[in-house]
Amino acid sequence: MHQRIKAVREKLGLSQRAFGEKLGVSRDVISNLEYNRVQPQNKNLLIRHICTQYSVNEEWLLTGKGEMFSEENHPNTRLEEAMCIFKDLEPDFQNYALEQIKKLSELQNKKP
């Protein structure tokens, strides 16, 4: 399982620190998981949290069977859908959509 945790993190393009921050754990916890050095006290809870936060298929994470990501929430699926919609918009609507995305990004960055 430790190799699959690392595979998820790398597929998402996240450092150990960034991956752990979203889970509420330190880089050291992620490093220990990936290298199978020390098991965290709440390993099962952490596994469920990884699956929830990153849309990972729990069966795949535990056993290696199935797909890495849950289809309906796969991060790349949402991005691909947004890109398809964006490409079909007329240039004026593309500009408007881009401005709205920028505003959402600014709002998100202001969150504590």
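Odds and ends about this structure:
- Residues of the stretch 46-56 satisfying the condition of being part of a helix (DSSP H, G or I), within 10 Å of the chain's Cα centre (by Cα) and without any contact (Cβ under 8 Å) to a residue 40 or more places away in the chain: Cys51, Thr52, Gln53
- When the stretch 38-83 is limited to residues that are small (Gly, Ala, Ser) and modelled with pLDDT of 90 or more, the one that is farthest from Leu98 (Cα to Cα) turns out to be Gly64.
- Residue within the stretch 28-41 that is out of contact with any His (no Cβ under 8 Å at 6 or more places or on another chain), under 25 Å from Leu79 (Cβ atoms) and surrounded by 14 or more Cβ atoms within 10 Å (Cβ to Cβ) present: yes
- Matching residues in the stretch 10-45 - criterion: being under 11 Å from the mean Cα position of the chain (by Cα), part of a loop (DSSP other than H, G, I, E, B) and free of Cβ contacts under 8 Å to residues at least 24 places away in the same chain: Gly13, Leu14
- Contacts under 7 angstrom Cβ, first residue in the stretch 84-111 being modelled with pLDDT under 90, partner surrounded by 10 or more Cβ atoms within 10 Å (Cβ to Cβ), 6 or more apart: Phe86/Gln94; Phe86/Ala97; Leu89/Ala97
The values are calculated or read from the model by the stated rules, or taken from the named source; none is laboratory data. Just so we're clear, the structure is a prediction, and the values are computed from it rather than from any experiment. Note: ideal-geometry Cβ built from the backbone for every residue, glycine included; neighbour counts use all protein chains shown.
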